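Visitor: Quick one: the structure is below, questions incoming.
The values are calculated or read from the model by the stated rules, or taken from the named source; none is laboratory data. What you see is a predicted model, and the numbers here were worked out from it, not measured in a lab. Every residue, glycine as well, gets a Cβ built from its backbone with ideal geometry; the counts of neighbours run over all protein chains shown. All accessible areas refer to the heavy atoms of the entire protein, side chains included, with ligands and DNA or RNA removed. Shrake-Rupley method; radii C 1.70, N 1.55, O 1.52, S 1.80 Å.
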Amino acid sequence: MRISTIIFLSTLLTLARPVTADEAEKPVGPDSVFGDHFWAGDMVALDGETLLHTDTNGSQIRLRLWAVDAPNMDAIPWGPSARAAIDKIFTMYDLDDLTCNQITIGADQWPIVICYWPNQTIKLYAGMRWNSLNAAIIAAGWATLDREMVASTRFLEYDAIRGLRPFEWHLRLAEDSARIRNAGMWRDYEPIK
């Protein structure tokens, strides 16, 4: 077994723990954490961390993916590759089912969102499954976890799971998976040993 696989598995085991009785009674799905503002359907990737949603009356709004830090479009070749990765995910999965829920509003007044497919998971690499676009783009290796955004975001429910904010562990695993596989931007860096 490769050492990188052992490191990844040990990370998974570290995060695993028994669920308490109080946690078992609370809903765990995205609807239990997110607010009332959400967008679904017609989305276009502007870059690796920003989507453009067009509603039925033609109005458009930019949505920023929560905790995703992708290269800007002018960062050649990484920026266009990050957008292409989202475009590829969009072609593989039903875009009509994609739902983006607002977490907060960014400094630029754009909604910051977690986007997910409620009825399916995204299978990318090595059998790993992700149900959020945020995790999928990080797992593809074209974005990293935006730790500054994670630290500045305060959730009202599920404030901490083993000291980690909701979904942060999911995104950390996605990033570790990309690094171990040398996927996307990670291919030009020293592999984890």
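Visitor: Among the residues of segment 72-125, how many are over 22 Å from THR144 (Cβ atoms) and of a type in the set (D, E, K, R)?
Guide: Looking only at that region, the number is 3.
Visitor: What's the number of the condition GLU157 fails, among (1) among the charged types (D, E, K, R); (2) at pLDDT 80 or above; (3) part of a loop (DSSP other than H, G, I, E, B)?
Guide: Evaluating GLU157 over (1) among the charged types (D, E, K, R); (2) at pLDDT 80 or above; (3) part of a loop (DSSP other than H, G, I, E, B) leaves (2) as the failure.
Visitor: Within segment 68-83, track down each residue that is without any contact (Cβ under 8 Å) to a residue 40 or more places away in the chain, open to solvent by 20 Å² or more (accessible area, probe 1.4 Å) and part of a helix (DSSP H, G or I). Before the answer, list the steps.
Guide: Initially, segment 68-83 is screened for residues without any contact (Cβ under 8 Å) to a residue 40 or more places away in the chain, giving 72-77, 79-80, 83.
Narrowing the set further to residues that are open to solvent by 20 Å² or more (accessible area, probe 1.4 Å) leaves 72-77, 80, 83.
Passing the criteria: PRO80, ARG83.
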